[in-house]
Amino acid sequence: MAVGRSGGWAVATLAGVAILTACPPARLTAQDTTGARPDSTVGRRAVRPDTSHLMRPISAMWRSMVLPGWGQSATGRHTVGAIFVTWEGVTAMMTLKAQQEADYMKQTGSSNLKAKRQEVQDWLVLWVFNHLFAGADAFVSAHLQDFPKDLQLRAVPGGAGLSLPLPRR
């Protein structure tokens, strides 16, 4: 398989993802809290806290598709974002290095050219996968931004236990 076809596949995949996520669904009426009445003694209705300051999942996904790690950083997961950016640099540089070596092997007529082209494709696939996985991770992490951070997994006799503090009334 030629390198050019593999690059075309990546562009086509990214274009397909862009088309499928270009029009996010409209807000559902169940999510509308504007009709909440003020607290009274009869018919109290709980109003959720304001989450308008949080990153929207689609925005976080697009940020990480453009630059892996950007969406993670925007959702407050800076270490994970740094890992994605680092891996992006490694895969990009290794793809370019392998491509330069393949070009040199082509000029010299090396018999190992086919193996080197396979290496270029392998690094290119890892590069594209990093973009897709970073986008998916940012999408999920944006959905979980307001999840309680006090959730803890602890070792207890006979197994593992999950601890989640409950809100007080």
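Readers should treat all values here as calculations from the given coordinates under stated rules, not as data from a laboratory. Just so it is clear, the structure is predicted and the values come from calculations on it, not from any experiment. Don't worry about glycine lacking a Cβ; one is built from the backbone with ideal geometry, like all the others, and counts go over all protein chains shown.
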| task | Would you mind computing, in nm to one decimal, how far apart the modelled labels at residue 93 and residue 155 are, each placed 7 Å from Cα along Cα→Cβ? | result | 3.8
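Which value, to two decimals, describes the C-alpha radius of gyration of region 62-109 once divided by 2.2 N^0.38 Å? Let's see the in-between values first.
Working: Rg = 15.4 Å, N = 48, 2.2 N^0.38 = 9.6 Å.
Against the compact-globule rule of thumb, the ratio is 1.61.
Report the calculated FRET efficiency for residue 107 and residue 12 (r = Cβ-Cβ distance, R0 = 41 Å), to the nearest 0.05.
Result of the calculation: an efficiency of 0.85.
For region 58-153, just run the numbers: alpha carbon Rg, then divide by 2.2 N^0.38 Å, N being how many residues it has.
Values: Rg = 17.7 Å, N = 96, 2.2 N^0.38 = 12.5 Å.
Its radius of gyration relative to the 2.2 N^0.38 Å reference: 1.42.
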| field | Net dipole in debye of region 103-148 [+1 Lys, Arg Cβ; -1 Asp, Glu Cβ; about Cα centre; nearest 20] | value | 400
